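The block underneath contains the structure these notes are about, expressed in structure tokens.
What follows is calculated from the coordinates using simple rules that are stated; it is not laboratory data. Predicted, not measured: the structure shown is a model, and the values here were computed from it. Cβ: placed from backbone, ideal geometry, glycine included. Neighbour counts: every protein chain shown.
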Amino acid sequence: MKTRLLCRISTGQFSGEVAVQGKLYNSEEFSLFAPIESVEYSSELAEDSYIDGSISVDILENKDDLVLISLPQPAFENGQTITVKKEQLSSY
């Protein structure tokens, strides 16, 4: 099932990509570069600053208030599959 994960977004290194920062269920941070078509945001992207947005993810499993999701690209710290809190998802 597809949903959106709330995150912070900035410009990427190359055209067609953005830098994404988010938090795991335990408040540790993760980051990745993702295709621009996988994110939504409402204000203009600027270099060296992050804005609020969301990224498209797949829900793999959930238990209580935790959800195992698959990111569109692997995170640098954790790989492509991470655990977040339900409250971090925009439409769950």
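Overview of results
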| read-out | value |
| --- | --- |
| Gained length - Asp65 relative to Ser15, 0.36 nm times residue gap less alpha-carbon distance | 14.4 nm |
| Relative contact order of the chain, defined on C-alpha pairs under 8 angstrom at six or more residues apart (%) | 32 percent |
| Table column - 3J(HN,Hα) (Hz), the stretch 61-74, Karplus curve with 6.51, -1.76, 1.60, x for Gly and Pro | 6, 9, 8, 6, 9, 10, 9, 8, 10, 10, 7, x, 9, x |
| Dipole in debye (nearest 20) - the chain, about Cα centre, beta carbon charges: Lys, Arg +1; Asp, Glu -1 | 280 debye |
| Kirkwood hydrodynamic radius over Cα pairs of the chain, then Stokes diffusion coefficient at 37 °C and 0.692 mPa s, in µm²/s | 252 µm²/s |
| Of Gln21, Leu89, Ser49, farthest towards positive along the dipole that unit charges on Lys, Arg, Asp, Glu beta carbons give the chain | Leu89 |
| Straight-distance crosslink candidates among aspartates and glutamates, where the alpha carbon sits under 19 Å from Lys2 and sequence neighbours closer than 8 are dropped | Glu37, Glu40, Asp58, Glu61, Asp64, Asp65, Glu87 |
| Candidates per trypsin sites (Lys or Arg not before Pro) in the stretch 1-48, loop by DSSP, up to 11 other Cβ within 10 Å | none |
